[in-house]
Amino acid sequence: MMILTYTGQPVNGPPVREYKTCWQELSMPDLLRSVVLFVAAGLCEIGDGYLVWLWASRFLNATVEAISKELRLKSESEEGF
């Protein structure tokens, strides 16, 4: 069991390390790099969503049109009998 003084330091033993918050230990180049990487990741995420939307709007529209055309032709041929 460790006994602490009113300052929070142990009575016997080495002093307790004072912890700093993460932004106090972060240098300006590290902070700038983090911001740049965050913005780049956001742009990649938006670009990825746009590419998926392009693919879906072109490929899926063509697929749906082909299926509906096939079904329309099939129903017209059944009416003829």
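Nothing in this text is a laboratory measurement; each read-out follows from the coordinates by a stated rule. For clarity, every value in this text was computed on a predicted model and none was experimentally measured. Positions of Cβ are backbone-derived with ideal geometry, glycine not excepted, and every protein chain shown enters the neighbour counts.
A few notes on this one:
- For the range 58-74, 3J(HN,Hα) per residue [Karplus equation, 6.51 cos²θ - 1.76 cosθ + 1.60, θ = phi - 60°, Hz, x = Gly/Pro]: 8, 6, 5, 4, 5, 5, 5, 4, 5, 5, 5, 5, 5, 5, 5, 5, 5
- Each residue of the range 30-40 was assigned a 3J(HN,Hα) from its phi angle through the Karplus expression (A = 6.51, B = -1.76, C = 1.60, θ = phi - 60°), giving 5, 5, 4, 4, 5, 5, 5, 5, 5, 5, 4 Hz with x at Gly and Pro.
- Under the convention that each Lys and Arg Cβ holds +1 and each Asp and Glu Cβ holds -1, the size of the dipole of the range 27-79 around its Cα centre is about 200 debye.
- Of every Cα-Cα pair in the range 27-79, the percent that sits beyond 16 Å: 65 percent
- Cβ-derived FRET efficiency at R0 41 Å, Trp53 paired with Arg33, nearest 0.05: 0.85
- In this label model, Glu78 and Ala41 are separated by 5.3 nm, measuring between points 7 Å along each Cα→Cβ vector.
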